[in-house]
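What follows is one structure encoded as structure tokens, with my remarks underneath.
Each reported figure results from applying straightforward, stated rules to the coordinates on display, with no laboratory input. None of the values given here were measured: they were computed from a predicted structure. Here the Cβ positions follow ideal geometry from the backbone for every residue, glycine too, while neighbour counts run over all protein chains shown.
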Amino acid sequence: MTESSKERALELIKIAQDLKAEDIIMFDVDGKSTLTDYIIVCQGRSQGHVKGIADRIEQEMKKGKVLPLGIEGYSEGSWILMDYGEAVIHIFHPDTRSYFDLEKLHDNCPKEHY
């Protein structure tokens with residue numbers, strides 16, 4: 001894990017906050033995951049809001065010439081996963097978030113609420 005990976009995660013969080021994403025939690029999974037250093041979980045109020053958050057994240061990251069390694073779930077809008085390498089962000093509709101309960105999966109990892 002590098003300082004830049006935390007900076008990347010905090011950049012994603014800042015963009016999500018600017019779009020009024022709710023209940024943002026960042027999990028430090030360094031050493032527990034071979035795929036990423038940070039997992040961010042947040043939610044929008046509606047499917048449109050979830051898509052809007054994802055759109056803005058993609059736009060703002062592109063300005064810095066940072067492209068996602070992958071985006072999943074955009075067409076449904078109830079759970080969008082955006083993979084930025086050292087940081088992955090999950091943007092949920094509230095009903096989908098409670099159903100999958102990713103927080104419980106990462107409960108043993110250090111976390112910060114935003």
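Key figures
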item: Cleavage-rule hits (trypsin sites (Lys or Arg not before Pro)) in segment 1-71: DSSP loop, at most 16 neighbouring Cβ within 10 angstrom; result: LYS20, LYS32, ARG45, LYS65
item: Estimated inter-spin distance, HIS113 and ASP101, nm [label 7 Å along Cα→Cβ]; result: 1.8
item: Within segment 1-93, chymotrypsin sites (Phe, Trp or Tyr not before Pro) in DSSP loop having at most 16 other beta-carbon neighbours inside 10 Å; result: TYR74
item: Dipole magnitude (debye, nearest 20) for segment 3-113, charges at Cβ of Lys, Arg, Asp, Glu; result: 300
item: Neighbourhood charge, 11 Å Cβ-Cβ cut-off, centred on ILE39 and excluding it, Lys, Arg +1 and Asp, Glu -1; result: -4
item: Binned Cα-Cα distances of the chain, short to long, each 10 Å bin given as a whole percent; result: 15, 52, 30, 2
item: Rounded FRET efficiency, nearest 0.05, which uses the C-beta distance separating SER75 from ASP30 and R0 of 22 Å; result: 0.10
item: Too-long pairs where the Cα-Cα distance tops 25 Å, listed order kept, from LYS14/LYS62; LYS20/LYS111; LYS65/LYS111; LYS14/LYS111; LYS32/LYS63; LYS62/LYS111; result: LYS65/LYS111; LYS32/LYS63; LYS62/LYS111
